[in-house]
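This report concerns only the one structure given below.
The values are calculated or read from the model by the stated rules, or taken from the named source; none is laboratory data. All values reported here derive from a predicted model rather than from experimental measurement. Note that each Cβ is placed from the backbone with ideal geometry, even for glycine, and that neighbours are counted across all protein chains shown.
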Amino acid sequence: MAISRIAQASWILTVVLLLLTVNYGEAVWLTIPASGGTKCVSEEIQSNVVVLADYYIVDEHNPEHTPAVSSKVTSPYGNNLHHQENVTHGQFAFTTQEAGNYLACFWVDASLKLANPLTLGVDWKMGIAAKDWDSVAKKEKIEGVELQLRRLEGLVQAIRENINYIKDREAEMREVSEKTNSRVAWFSIMSLGVCVVVAGTQILYLKRYFHKKKLI
């Protein structure tokens, strides 16, 4: 019994340690050339997911006069979720309404002449990573292992939802594939039928032609 409890405690401790090492966010670094242009980053997200993001310019060459960038975030259906002009640091937050690729684009004003390429950092936080666990701990008066277990529960729930989303996407792709295969099969049968009809017509025409010319 004591050994079982020790094993259970060890397992919980291991899970908590693993949880502490999990990366709940995603950091992306983009380089905007000195000649200008637009850099975009996309993320496939399911519906009803909270998204928080921080973006900022890192200018090692001239930190006192950091150039500004503009940003725009659009949904899979092209809806504008965020648009900001000429900033060195910005944030955006939204809850996804539909599943698909969400696109964030960043660019520098064409009139601005850059001496060096710009480095832009984008910190994405989605779902469980976007939750304010400090507020949860204060509100529910939990801390330590209990808080980490609550975070683990949320992470497991997020993983389950992602698995269900992947299964749904797989089912949709399978259905599309089956419909495509069915259409290809019918098209092949129709093509074969047309070939048979054309070949039969040509044979009849040649037979009549040869009979008319008294060649056979």
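Summary table below
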{"quantity": "Verdict on Val184 being at pLDDT 90 or above, within 32 Å of the chain's Cα centre (by Cα) and either at positive phi or among the β-branched types (Val, Ile, Thr) (or both)", "calculated": "yes"}
{"quantity": "Close pairs (6 angstrom Cβ cut-off, 6 or more residues apart or separate chains): in contact (Cβ under 8 Å) with a residue 12 or more places away in the chain in the range 164-179, surrounded by 10 or more Cβ atoms within 10 Å (Cβ to Cβ) and not basic (Lys, Arg) anywhere", "calculated": "Tyr165/Gln46"}
{"quantity": "Cβ-Cβ under 6 Å pairs, at least 6 apart or on other chains, the range 92-117 side closer than 20 Å to Arg169 by Cα, far side part of a loop (DSSP other than H, G, I, E, B) and not small (Gly, Ala, Ser)", "calculated": "Thr96/Val49; Glu98/Pro76; Ala99/Gln46; Gly100/Pro76; Asn101/Pro76"}
{"quantity": "Leading residue by the ranking (farthest from the chain's Cα centre (by Cα)) among those in the range 59-85 that are surrounded by fewer than 13 Cβ atoms within 10 Å (Cβ to Cβ) and within 18 Å of Thr38 (Cβ to Cβ)", "calculated": "Glu85"}
